[in-house]
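Below is one structure, written out as structure tokens; the observations come after it.
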Amino acid sequence: MESVKLFGTWCSPYSRRVEMALKLKGVEYEYVEEDLKNKSPDLLKYNPVHKKVPLLLHNGKPISESLLILEYIDETWSGPAILPSDPYDRAMARFWAKFLDEKCWPAMIRACMRTGEEQEKANEEANEVLTFLENKLIGKKFFGGDTIGLVDITANLIAHWHRFFEEFSEIMQPPLITKEKFPNICEWVNDYTNCSFVKENLPEKDKLAQLYKARIQAAKAAAQ
Amino acid sequence: MAEVKLFGCGYSPFSRRVEMALKLKGVEYEYIEEDLSNKSPLLLKYNPIHKKVPVLLHNDKPIAESSIIIEYIDETWEGPSILPKDPYERAMARFWVKFIDEKCGVAMWKAFASPGEEGEKAKEEAAQLLKFLEEEIKGKKFFGGENIGLVDIAANFIGYWFGIIQQIAGLELLTKEKYPNLCKWVDGYINHSLVKDNLPPKDKMTEVLKPLAQPGYSGYKPKV
């Protein structure tokens, strides 16, 4: 009998990505909520290099790093494809997923957490990367085309954060993503968060809002 | 017109990786050497986001990021496999490449190129991280098993460049005493025909790297 276990946390977009992929493929799995301040012996045993979530355990074999887990899920289980079948399209999907994780998130986080002059520079960088994403969505419903794919799943952080840009307007000025600046991204957020398996995998709004608010305020206070 | 073009830099391990992969598959390609301090309009056109080498152009379609290019090569051309066939082993191969590129290689480079405390801290970190690779290569000829695979190709910085760096900087990080298995791998690796023919000459590479270790150097420094 197959055994699939996922070690994750409720607020980690990386962890949520893997859940989305498992649900997309209809894979039954056991979920283990980790306390990152007190990591379980199992997590440390199965991910000794990075000691992080998410961690997928399939028939006792561990795989870590969310993008690698997504590719593994796609190659292991049948069902809706996460990556395209054409090698060039696959290369492009991997490229944009890497871009999101290595460039976009850090730029967006810096723009939210910094103050003063540093924030201005961070905003410019964030705008630059968001413009690349905005252009990538021209004429497309999702980054994956008509259906959600690797890049959309990887971009879940935008969907998580976007819910709060208006609510946080008193602590995050100017808002990073608006309909005026990035209409395609905003439309993508709507279409994306209305997909059933995305909707079911969004962290609880109020709980997440509190967490993000606290983090942003702490970062800004530390910067002063 | 050449169907396959590679924009690269002979001194860049990332660029050389792609050449190794193309040669492993017996793919004919046109090579364009880039001056990284004066990048060509074509490079900037084909890689507008990162503006880096290597960039592969296949039938006018550009692909950037060495690990993504190598997977594309493996999926597009027949010949010896670069990645394993089994999904779990593929996930592991990708995991170690990511580890080398994002953790180990970065710490090793900083141990050489970063001044003062940052460099010292990086040395300690690298020493810890190399232990994981020492463990992984135990009992194996190559990371890919009997033959060179994805991880071996990606580890070219460790296999060759770092040896030169150690000499220049007087570092004693990767030694036979501390990492006997990894050093044995290095010996086998740099004598492998595929690798041997794809390395920049030692004296030229030394000339290029030496200035980077000088305090107050303000010229081009590759970003990691």
Q | Conditions (1) within 14 Å of chain B (Cβ to nearest Cβ); (2) on the phi > 0 side of the Ramachandran plot; (3) not β-branched (Val, Ile, Thr): number failed by residue A:26 | A | (1)
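When the residues of the stretch A:39-91 are filtered to those that are open to solvent by 40 Å² or more (accessible area, probe 1.4 Å), of a type outside the set (Asp, Glu) and within 17 Å of residue A:24 (Cβ to Cβ), which remaining residue is nearest to the other protein chains (Cβ to nearest Cβ)? If you could, list the steps in order and put the result at the bottom.
Filtering the stretch A:39-91 down to residues open to solvent by 40 Å² or more (accessible area, probe 1.4 Å) leaves A:39, A:41-42, A:44-46, A:48, A:51-52, A:59-61, A:75-76, A:78-81, A:84-86, A:89.
With of a type outside the set (Asp, Glu) added as a condition, the list becomes A:39, A:41, A:44-46, A:48, A:51-52, A:59-61, A:76, A:78-81, A:84-85.
Now drop any that are not within 17 Å of residue A:24 (Cβ to Cβ), which leaves A:76, A:78-81, A:84-85.
On the way: A:76: 5, A:78: 12, A:79: 14, A:80: 17, A:81: 14, A:84: 11, A:85: 10 Å.
This residue is A:76.
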Q | Yes/no for residue A:136 being within 14 Å of chain B (Cβ to nearest Cβ), within 17 Å of the chain's Cα centre (by Cα), modelled with pLDDT of 85 or more and over 17 Å from residue A:16 (Cβ atoms) | A | no
Q: Only residues that are closer than 21 Å to residue A:99 by Cα, open to solvent by less than 80 Å² (accessible area, probe 1.4 Å), more than 10 Å from every other protein chain (Cβ to nearest Cβ) and in a loop (DSSP other than H, G, I, E, B): list them for the stretch B:52-79, please.
A: B:53, B:54
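Tell me which strands (runs of 3 or more DSSP E) are completely within the stretch A:25-103 and hold 2 or more residues being without any contact (Cβ under 8 Å) to a residue 24 or more places away in the chain and within 30 Å of residue B:127 (Cβ to Cβ), or say none if there are none. Spell out the reasoning first.
On the way: elements: A:30-33, A:55-58, A:61-64.
Once the strands (runs of 3 or more DSSP E) in the stretch A:25-103 are filtered for at least 2 residues that are without any contact (Cβ under 8 Å) to a residue 24 or more places away in the chain and within 30 Å of residue B:127 (Cβ to Cβ), what remains is A:61-64.
Considering only the stretch B:127-144, state which residues are open to solvent by less than 70 Å² (accessible area, probe 1.4 Å) and either away from chain A (no Cβ under 14 Å) or touching a Ser or Thr at 6+ places or on another chain (Cβ under 8 Å) (or both).
Kept after step one, since they are open to solvent by less than 70 Å² (accessible area, probe 1.4 Å), are these residues of the stretch B:127-144: B:127, B:129-130, B:132-134, B:136-137, B:142-144.
B:127, B:137, B:142, B:143, B:144, listed by residue number.
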Q. Looking at the stretch B:166-224, which of its residues are exposed (fewer than 11 other Cβ atoms within 10 Å of the Cβ), basic (Lys, Arg) and modelled with pLDDT of 85 or more?
A. none
Q) Going through the stretch B:27-51 one residue at a time, which ones are within 14 Å of chain A (Cβ to nearest Cβ), closer than 24 Å to residue B:194 by Cα and open to solvent by 60 Å² or more (accessible area, probe 1.4 Å)? A) none
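Can residue A:213 be described as loosely packed, with under 13 Cβ neighbours inside 10 Å and over 27 Å from residue A:74 (Cα atoms)?
Working: loosely packed, with under 13 Cβ neighbours inside 10 Å: no; over 27 Å from residue A:74 (Cα atoms): yes.
Spelling it out, it is not the case that residue A:213 is loosely packed, with under 13 Cβ neighbours inside 10 Å and over 27 Å from residue A:74 (Cα atoms).
Given the residues B:78, B:65, B:102, which is the only one that is acidic (Asp, Glu) and in contact (Cβ under 8 Å) with a residue 24 or more places away in the chain?
Values: B:65 fails: in contact (Cβ under 8 Å) with a residue 24 or more places away in the chain; B:102 fails: in contact (Cβ under 8 Å) with a residue 24 or more places away in the chain.
Just one listed residue meets the conditions, B:78.
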Q: Give the residue, chosen from B:170, B:144, that is on the phi < 0 side of the Ramachandran plot and small (Gly, Ala, Ser).
A: B:144
Q) If you go through the stretch A:115-154, how many residues are in contact (Cβ under 8 Å) with a residue 60 or more places away in the chain, surrounded by 18 or more Cβ atoms within 10 Å (Cβ to Cβ) and in a loop (DSSP other than H, G, I, E, B)? A) 3
Q. Here are some conditions: (1) more than 20 Å from the chain's Cα centre (by Cα); (2) in contact (Cβ under 8 Å) with a residue 24 or more places away in the chain. Residue A:17 meets all but one. Which one does it not meet?
A. (1)
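The values are calculated or read from the model by the stated rules, or taken from the named source; none is laboratory data. The model shown is predicted, which means the values in this text are computed figures rather than measured ones. Every residue, glycine among them, receives a Cβ derived from its backbone with ideal geometry; neighbour counts consider all protein chains shown. Protein only, heavy atoms only, side chains kept; ligands, DNA and RNA dropped before computing areas. Shrake-Rupley method; radii C 1.70, N 1.55, O 1.52, S 1.80 Å.
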